[in-house]
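The values are calculated or read from the model by the stated rules, or taken from the named source; none is laboratory data. Predicted, not measured: the structure shown is a model, and the values here were computed from it. Here the Cβ positions follow ideal geometry from the backbone for every residue, glycine too, while neighbour counts run over all protein chains shown.
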Amino acid sequence: MLEMIKILTQTFGPSGSEKKVAGVIQKMLEGKVDEMRTDTMGNLICVKKGSGKKIMLAAHMDEIGVIISYIDEKGFLRFGNIGGLPPMIILGQRVMFENGIVGVVWYEESIDNMKNAKHDTMYIDIGAGSREEAEKLVKVGDMAVFVGDTIEQHGKVISKGLDDRVGCAILVQVALSQPKTDNEIYYVFTTQEEVGLRGAKTAAFGIVPDMALAIDVCDTGDTPKCKHMSVKLGKGPTIKIKDRSVIAHPEVKDRLVKAAEQNKIPYQLEVMMDGGTDAGSIHITAGGIPSGGVSIPTRFIHDTAEMVDLNDVENAVSLISAFIK
Ligand code: CO
Ligand code: ZN
């Protein structure tokens, strides 16, 4: 799994430019599902046929990043955010464009307090000497993602882009293990989650499943002086009760709890006050779709070094496999 997570997290794919990620997943699932298609939004939909209920499992392929809005005469790039991007976190980080060009994020040093920094008072330096030179390397509208390698240490994975490539890796792993079920399983790798749960909306409308799960990351409440939350790293995948975008359907939540308990899979209940997931779009699609979520406890979400526990990842695979049966 670690190898798969490494490949997926290091593949370029900010919101709206998920093609490379979709290509990688397509290769991984070649011949392992009955059908593979992409829709207009770029969602990759992989179907394992069955005569029972239609179950949709969604994980988003897109990652956060920056988009170039302006290049000044000295060759410095101004940018906007793709997804949630706190200025304090991105300061001093490297970003990489699709063509491999790397830039450093810095700020106008007349600001005396970083808390006052906004994206508009920050810039990216790609080492160009002028606008003309810069424009040979990047253009307005180009997107870049953060640089942050993927390492494993004491059973933890530290990487950029774990949100939500770890979810993609879990879905791929479930599909590869081909759990025995009569149900029709839709492994859906969605687009544009970070900019408003957009891909999941059209994917769910195209499928109209009987039940759906979003597989994503969730915050933890186990770091120094963080906000109160009962989720801890390494104590099992979470079963979603609520995030800012959805209140999980009680039947979905109960089925997940039952699947975990019957199979002795550790789990935690998740109440996340900030942040949404694809379930937020799916549950209000068509006439309403019973939806819930399984999340991976993750520290430092949207930082260039997010952290998950591999045990939680493995247990999420087991939990989802048990659920779809
Ligand atoms: Co996110
Ligand atoms: Zn996410």
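The table below lists the values:
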item	result
Some residue of the range 55-64 being in contact (Cβ under 8 Å) with a residue 40 or more places away in the chain, more than 16 Å from the chain's Cα centre (by Cα) and more than 16 Å from ligand 1 (Cβ to nearest atom)	yes
Per-region count, the range 197-224, residues over 12 Å from the mean Cα position of the chain (by Cα) and outside any helix (DSSP H, G or I)	12
Residues located in the range 153-170, provided they are away from ligand 1 (no atom under 16 Å from the Cβ) and in contact (Cβ under 8 Å) with a residue 24 or more places away in the chain	155, 156, 157, 158
Residue in the range 218-234 that is within 13 Å of ligand 2 (Cβ to nearest atom), assigned by TED's automatic domain parsing to the domain that holds residue 22, buried (at least 22 other Cβ atoms within 10 Å of the Cβ) and closer than 19 Å to residue 280 by Cβ present	yes
Those residues of the range 119-145 which are of a type outside the set (A, V, I, L, M, F, W, C) and either part of a loop (DSSP other than H, G, I, E, B) or within 16 Å of ligand 1 (Cβ to nearest atom) (or both), in sequence order	127, 129, 130, 139, 141, 142
Count - residues of the range 68-84 that are away from ligand 1 (no atom under 16 Å from the Cβ) and surrounded by fewer than 17 Cβ atoms within 10 Å (Cβ to Cβ)	6
For residue 74: the one exception among (1) in a loop (DSSP other than H, G, I, E, B); (2) within 16 Å of ligand 2 (Cβ to nearest atom)	(2)
The range 284-317, subset in contact with a helix residue (DSSP H, G or I) (Cβ under 9 Å, 6 or more places away or on another chain) and of a type in the set (S, T, N, Q), residue farthest from residue 6 (Cα to Cα)	285
Residues (among the hydroxyl-bearing types (Ser, Thr, Tyr), closer than 30 Å to residue 51 by Cα and part of a strand (DSSP E or B)) located in the range 146-194	186, 187, 190
Residue 40 vs. criteria in contact with a helix residue (DSSP H, G or I) (Cβ under 6 Å, 6 or more places away or on another chain), touching a residue at least 60 places away in the same chain (Cβ under 8 Å), assigned by TED's automatic domain parsing to the domain that holds residue 204 and among the hydroxyl-bearing types (Ser, Thr, Tyr)	no
